[in-house]
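FYI, it's all coordinate maths here, none of it is from the lab. Keep in mind that this is a model prediction, so the values were computed, not measured. Note: ideal-geometry Cβ built from the backbone for every residue, glycine included; neighbour counts use all protein chains shown.
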């Protein structure tokens, strides 16, 4: 049992506070960008009469997934605010999975997917520091 305690890396409180501010800012920006992408790109193409039925079906599914991704990131922000980095890890991972699912829908999704996965990866790097044992 003592070995388990000795294997924990305790992140200093000032570093945890800095990481929490960083995470909150980046997670907030990610949610706003997802919402903007949904409004401008997805809903715009869904309303466009020249969009093929197959593409509209893909857009409908991806709209739901992106809404789920935004909700996951919001839960992640709540988890970070509560100091629950283990839950934040799950939340941001769920965001990443939802975003990644639609990467092949259209070229715009592929480009957005790369950006969003980069943001999620940066956030996960910070979050994992507060959840891992060394």
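A single member of 40, 32, 87, 63 is in contact with a helix residue (DSSP H, G or I) (Cβ under 7 Å, 6 or more places away or on another chain), more than 18 Å from residue 131 (Cα to Cα) and part of a helix (DSSP H, G or I), and it is 63.
Looking at 56, 74, which one is touching a helix residue (DSSP H, G or I) at 6+ places or on another chain (Cβ under 8 Å), surrounded by fewer than 15 Cβ atoms within 10 Å (Cβ to Cβ) and closer than 22 Å to residue 35 by Cα?
56
Among the residues that make up the stretch 69-84, is at least one of them in a helix (DSSP H, G or I), touching a residue at least 40 places away in the same chain (Cβ under 8 Å) and more than 16 Å from residue 28 (Cα to Cα)? For the stretch 69-84, residues in a helix (DSSP H, G or I), touching a residue at least 40 places away in the same chain (Cβ under 8 Å) and more than 16 Å from residue 28 (Cα to Cα): absent.
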